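Worksheet for the structure shown next.
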Amino acid sequence: MIVQRKVKRKSKTDAVSPVIGVMLMIVVTIIIAAVVSAFAGGFAESQKKTPSAQLDVQIQTEKDASGSYYAQMLFVHKGGDPIPTKDLRIVTQWTEYGISTSSDVRNSVDGSAGNITTPSYPCRLVNGECPGSGIGDFGNVTWRTGDILATVDAASTAKILGSGTPFYPGTPVSVDIVYLPTNELVLHKDVVTA
């Protein structure tokens with residue numbers, strides 16, 4: 001009896017399939033990592049950063065023609081990044097210490113919300129005056145180093161402070177300026193009216 005032996009021959013392509021599979025898995029992994037990295041990088045770049053600026057606020061009491069006191073607010077940009085006022089919210093809180101009144105008022109003026117009537121205060125002062133026609137109005141102007149935003153009378157101050165009642169020297173006011181895209185404070189100051 002003749003026994004035939006089966007001889008197994010090794011094919012030259014036996015090891016090719018696993019190598020190609022591993023290479024494809026590595027390439028797919030690299031492509032997925034690149035897509036995720038590109039997306040995350042683009043997302044991080046699209047986030048706005050809060051501007052860095054040195055800001056100040058002052059409140060002075062003035063007397064009008066009838067002898068009543070009102071507050072004039074001055075917002076000063078002392079240095080740093082320019083800030084579009086449409087991206088700002090001014091939030092004030094104060095307590096009036098009068099003879100027979102005591103009220104807490106919290107108010108906010110938003111540069112982009114359109115909830116402030118024209119003219120919008122504070123306005124950017126040019127030669128000590130508001131230019132009018134909406135040119136220097138809050139929400140329409142970029143606040144740069146050296147610029148002063150101001151209220152010019154009792155009505156414009158009342159838009160920010162939320163009250164038309166007379167203001168007296170010594171009234172404490174808390175003023176916050178919030179950068180809306182990041183919802184972070186760019187200024188917090190407790191001011192006593194002069």
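The values are calculated or read from the model by the stated rules, or taken from the named source; none is laboratory data. Remember, predicted model here, so these are calculated numbers, not experimental data. In this analysis, Cβ positions are derived from the backbone assuming ideal geometry, glycine residues included, and neighbour counts consider all displayed protein chains.
Out of all the residues in segment 150-159, is one or more over 22 Å from Ala194 (Cβ atoms), buried (at least 16 other Cβ atoms within 10 Å of the Cβ), of a type in the set (S, T, N, Q) and at pLDDT below 85? Spell out how you get there, then give the answer.
Filtering segment 150-159 down to residues over 22 Å from Ala194 (Cβ atoms) leaves none.
Within segment 150-159 (the criterion being over 22 Å from Ala194 (Cβ atoms), buried (at least 16 other Cβ atoms within 10 Å of the Cβ), of a type in the set (S, T, N, Q) and at pLDDT below 85), the answer is no, since none of the residues qualifies.
Between Asp64, Asp81, Asp87, which is among the acidic types (Asp, Glu), under 20 Å from the mean Cα position of the chain (by Cα), closer than 30 Å to Thr157 by Cβ and at pLDDT below 90? Spell out the reasoning first.
Working: Asp64 fails: under 20 Å from the mean Cα position of the chain (by Cα); Asp81 fails: at pLDDT below 90.
On inspection, the qualifying residue turns out to be Asp87.
Could you list all residues from segment 105-149 that are in contact with a Leu (Cβ under 8 Å, 6 or more places away or on another chain), at pLDDT below 70 and part of a loop (DSSP other than H, G, I, E, B)?
Gly111, Ser112, Gly136
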